[in-house]
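Have a look at the structure below, then the notes.
The values are calculated or read from the model by the stated rules, or taken from the named source; none is laboratory data. Predicted model only: the values in this text are computed from it and were never measured. Heads up, the Cβs are rebuilt from the backbone with ideal geometry, glycines too, and the neighbour counts pull from every protein chain shown. The protein model used for the area step is the full one, side chains on, heavy atoms only, and it has no ligands, DNA or RNA in it. Shrake-Rupley method; radii C 1.70, N 1.55, O 1.52, S 1.80 Å.
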Amino acid sequence: MELRAEGKKPRLALTKQRLLNKDKLIRMYRRMQEIRIFEEKLYYLFLNRSMPGTIHQCIGQEAVAVGVCENLQKDDYITTTHRGHGHYIAKGGSLKELMAEMFAKKTGCCKGMGGSMHIAKLSIGILGTGGIVGAGIPIATGAALSAKLKGTKQVVACFFGDGAINTGAFHEGVNLAAVWRLPVIFVCENNLYAFSTPINQTTLVKNLADRASGYGIPGIVVNGNDILAVYKSAQGAIERARIGQGPTFIECKTYRYKGHARFDPAKYRPGEEIKKWFEKDPILQFKSYLVRMGIFTNEEARNIEQEGKKKVEETVEFAEKSSGPEPADFLRYIYA
């Protein structure tokens, strides 16, 4: 990638047609910070028992969600996993509504009835998270089929973890999307572990994207902690899907800093491995790049972080003041 200076606004050249300008680069950094701060706040709130249930966090994986979703239009779709808070935020979902959902309040994005593993916002294309591994893959294929039949030019970004690649849903969903050339991008967030099982104990291929060749579609391996690399790969795949050339499989090699869920101390991970990945932190890498390129200063970066913290604190206040669902509400959102 090459940085071009154009007046006072540097522009990052990705393709001849589409460039990343200063405002967009800063927005991407802001989104990554909001995801990180939101997730860290959730961890604290669940730890001190302020909210019910459990959570699966994406701390360390922010570059994947933002890098992909920055290429999507408002009416494009995403499907995600039990680790879906970051995808929701990256697609433009309301932080206040998400926090209210965590508190099981009526003002939540699912009226307080979904919780952490069941969040959705259909008005901006978020088709929902789910607790079943790989469940979003056939949903994404179905949404892509609907877009193709209606001729809307919409695309679907389907997020899933490395643990999903050995499920029947993965094979059926990807194969059907390939055969019918559907506008879907399969984004595998390979964080090396399916719960506590290392990926090298469940598959012998070095790169999961190699499996794409078995379906006759492109497979791309990308550094999932490099947001610009993710952005560029997703950009090409989305443009390809939008003009009718079918799906692409993108494997983003990344790492989650927390355990599988709130209850998991993740002691099965070697200390040296954790240290190595902390040194590759996607937010710190992107911040360093933006400062080096003159997009913003260290002081401006700190201001963005402080703004994010204030914004998240406001979401907690909003959620705590909101009322919970009434008994009658539980019959209000049922399809007959």
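Starting from the Cα gyration tensor of the stretch 203-253, take the square roots of the eigenvalues, sort them a ≥ b ≥ c, and report rounded, prolate or oblate (rounded when a/c is under 1.5, otherwise prolate if a/b is larger than b/c, else oblate). Oblate, since a/c reaches 1.5 and b/c is not below a/b.
From the Cα gyration tensor of the chain, with a ≥ b ≥ c the square roots of its eigenvalues, which class applies: rounded if a/c is under 1.5, or else prolate if a/b is larger than b/c, or else oblate? Verdict is rounded for the chain. Packing-based ranking of 125-136, 183-194 yields 183-194, 125-136, ordered from highest to lowest mean Cβ neighbour count within 10 Å. The portion of the accessible surface of the chain made up by carbon and sulfur, rounded to a whole percent, is 53 (1.4 Å probe; DNA, RNA and ligands excluded).
Per residue, what accessible area does the stretch 85-137 have, given a 1.4 Å probe and all protein chains present, in Å²?
I get 32 Å² per residue for the stretch 85-137.
Taking a ≥ b ≥ c as the square roots of the eigenvalues of the Cα gyration tensor, the stretch 21-94 is classed as prolate, since a/c reaches at least 1.5 and a/b is larger than b/c.
Charge tally for Ile124 (other residues, Cβ to Cβ under 12 Å; Lys, Arg +1; Asp, Glu -1): 0.
Simple spin-label estimate for Leu122 and Tyr44 gives 3.6 nm between the two label positions (7 Å along the Cα-to-Cβ direction from each Cα). Excluding same-chain neighbours fewer than eight residues apart, the lysines reachable from Lys96 by a Cα-Cα span under 22 Å are Lys41, Lys74, Lys105, Lys106, Lys111, Lys121, Lys309, Lys310, Lys311, Lys321.
Taking the mean number of other Cβ atoms within 10 Å as a proxy for protection, how do you rank 42-50, 74-82, 20-28 from highest to lowest?
74-82, 20-28, 42-50
The local environment of Ile78, defined by Cβ-Cβ distances under 11 Å, has a net charge of +1 under the rule Lys, Arg +1 and Asp, Glu -1. Straight-line reach from Lys276: taking Cα to Cα under 24 Å and skipping same-chain neighbours fewer than 8 places apart, the lysines in range are Lys206, Lys253, Lys258, Lys267, Lys287. Among 175-181, 100-106, the peptide with the highest mean count of other Cβ atoms within 10 Å heads the list, and the full ranking is 100-106, 175-181. Expressed to the nearest 5 percent, the antiparallel share of DSSP beta bridges inside the chain is 30 percent.
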